[in-house]
1. Relative contact order, percent, of the chain when contacts are C-alpha pairs under 8 Å separated by at least 6 residues?
2. Decide, for the chain, between rounded, prolate and oblate: order the square roots of the alpha carbon gyration tensor eigenvalues as a ≥ b ≥ c, take rounded if a/c falls under 1.5, and otherwise choose prolate if a/b is larger than b/c, else oblate.
3. Any chance you could give the angle, 0 to 90 degrees and rounded to 10, that helix 189-205 forms with the longest Cα principal axis of the chain?
4. Looking at the square roots a ≥ b ≥ c of the eigenvalues of the Cα gyration tensor of the range 1-93, which shape do they give, rounded for a/c under 1.5, prolate if a/b is larger than b/c, or oblate?
5. Using a/c under 1.5 as the rounded threshold, could you call the range 1-159 rounded, prolate or oblate? The axes a ≥ b ≥ c are square roots of the C-alpha gyration tensor eigenvalues, and prolate needs a/b larger than b/c, oblate otherwise.
6. Can you sort 118, 38 from fewest to most other Cβ atoms within 10 Å of each residue's own Cβ?
7. Taking the Cα atoms only, what angle lies between the long axis of helix 2-31 and the longest principal axis of the chain, rounded to 10 degrees?
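Since every read-out is calculated from the coordinates, none of them should be taken as a lab result. Please read all numbers here as calculations on a predicted model, not as lab measurements. Cβ atoms come from the backbone with ideal geometry, glycine included; neighbour counts cover every protein chain shown.
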């Protein structure tokens, strides 16, 4: 009874905190169905007095959303696939190979997380320009492949996998590449899915780097397209809110579909006690 008496107030507190986080998102979603004249009319109301889809219709017909979705999706998918593969290979090397220079290299990679992105942007832009990748989608993809976060995630996960499993595979004649592709990477599927979700989210919401690299409107990503809705003197908030909701739909679907894959793997499978 005492435990229940303590748990009920804590549960109510967590519900209130969750509602506090949910309220701005709910206000944002419901405001996209309001006409422009109602967004700032007093008194403010959570639910629209007059429901309308005019903002969505204008956002979809006035702007070439399919092109922006394609550009952003292409960047997100290619970058995510390469990020997961490179991070997994690098994390495997750092976790299972013993060498002083690998440890030093890993510390150097971790040190990059202490640098703000803005610090390395000028040098990165100079490299992209000299490689002829300016104003191309490849100029967005290439610098985003290697992430210290992804390498660290895989490295820490691979360190928890017993070395006996690898030794048994080597005794059976398996090569290092076969060990990685048949044993290590399948066991790290939860980490791969988690990193993939993060990577897609990072690339989908990226604004600063595409703004620097791209100047052709036909190559704009979704975030640059949303920025183009904002005028110099006048902002059509109804259209901007509706377009923002449209841009969030793929992220909501992605999380709803793949969240069940974020679980612990049985790393002891195949081993005897």
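1. Across the chain, relative contact order equals 30 percent.
2. Note, shape of the chain comes out oblate.
3. 30
4. oblate
5. Here the range 1-159 falls in the oblate category.
6. Placing the least packed residue first, the sequence is 118, 38.
7. Relative to the chain, helix 2-31 is tipped by roughly 60 degrees.
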